[in-house]
Amino acid sequence: PEAAQERFQGRLLALSRTHNLLNETLWEGACLKDILRLELEPYASDPGRVHLEGSNVNLLPGPAVVLGMANHELATNAAKYGALSSEIGHVRVVWRVDSQDGTTVLTIVWCEVDGPKVEKPTILGFGSRLIRQTITKELSGKLDIHFEPDGLCCTIVIPLGTSTQRAA
């Protein structure tokens, strides 16, 4: 019960952090880099262990909340089991906006390296199911997770369309 309460509180705080960002813009949007920074900040005591790279992308509230929660789950898992659980591991998140078949899409690649040896889990936990469901169902996106021996690699691709993307 205590561990479940901690996980629930963590998810609630992640939701709160994204809502705070959205409140700053009167719910017009939130910058992806700010969302990522806020979700990784509690786990990265050494700033050199987290590398964020990408253009300014402002997300509408729906995608901002979903990506805030998804990145919270990735950051939590990196801190518990992945790269951020070791002294030398680090996380690199790179994103870009492209056009595919006439649609504007956001691609986010989250890769962990130098953490403990990674093995594909036999059972998907709530966090993994949350990420998959919200990315694929709520955002009509694609999710690709690879459990490489050197670290987890996750690629998220979501359609933005011209009305969803705004320069931050």
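The values are calculated or read from the model by the stated rules, or taken from the named source; none is laboratory data. No experiment lies behind these values; they were computed from the predicted model shown. Using ideal geometry, Cβ is built from the backbone for each residue, glycine included, and neighbour counts are taken over all protein chains shown. Surface areas here come from the heavy atoms of the whole protein model, side chains and all, with no ligands, DNA or RNA. Shrake-Rupley method; radii C 1.70, N 1.55, O 1.52, S 1.80 Å.
For region 111-127, how many residues meet the condition of being among the aromatic types (Phe, Trp, Tyr) and surrounded by 15 or more Cβ atoms within 10 Å (Cβ to Cβ)?
Total satisfying the criteria: 0.
Answer yes or no as to whether Gly48 is more than 21 Å from Leu143 (Cα to Cα) and either open to solvent by 40 Å² or more (accessible area, probe 1.4 Å) or not in a helix (DSSP H, G or I) (or both).
Yes: the conditions hold for Gly48.
In region 68-86, how many are open to solvent by less than 50 Å² (accessible area, probe 1.4 Å) and either touching a helix residue (DSSP H, G or I) at 6+ places or on another chain (Cβ under 8 Å) or not in a loop (DSSP other than H, G, I, E, B) (or both)?
The total comes to 13.
Among the listed residues Leu152, Leu130, which satisfies the condition of being crowded, with 16+ Cβ neighbours inside 10 Å and either β-branched (Val, Ile, Thr) or part of a strand (DSSP E or B) (or both)?
Of Leu152, Leu130, the one residue that is crowded, with 16+ Cβ neighbours inside 10 Å and either β-branched (Val, Ile, Thr) or part of a strand (DSSP E or B) (or both) is Leu152.
If a residue has to be part of a helix (DSSP H, G or I) and open to solvent by 40 Å² or more (accessible area, probe 1.4 Å) to count, how many in region 133-149 make the cut?
Counting residues in region 133-149 that are part of a helix (DSSP H, G or I) and open to solvent by 40 Å² or more (accessible area, probe 1.4 Å) gives 4.
Tell me which residues, restricted to region 35-45, are open to solvent by less than 50 Å² (accessible area, probe 1.4 Å) and not aliphatic (A, V, I, L, M).
Answer for region 35-45, where residues must be open to solvent by less than 50 Å² (accessible area, probe 1.4 Å) and not aliphatic (A, V, I, L, M): just Glu39.
Does any residue in region 87-110 that is crowded, with 17+ Cβ neighbours inside 10 Å come within less than 9 Å, Cβ to Cβ, of a residue that is part of a loop (DSSP other than H, G, I, E, B) and among the β-branched types (Val, Ile, Thr) six or more places away or on a different chain, and which pairs are these?
Sorted first by the residue in region 87-110, then by its partner, the pairs are Trp95/Val57; Leu106/Val57.
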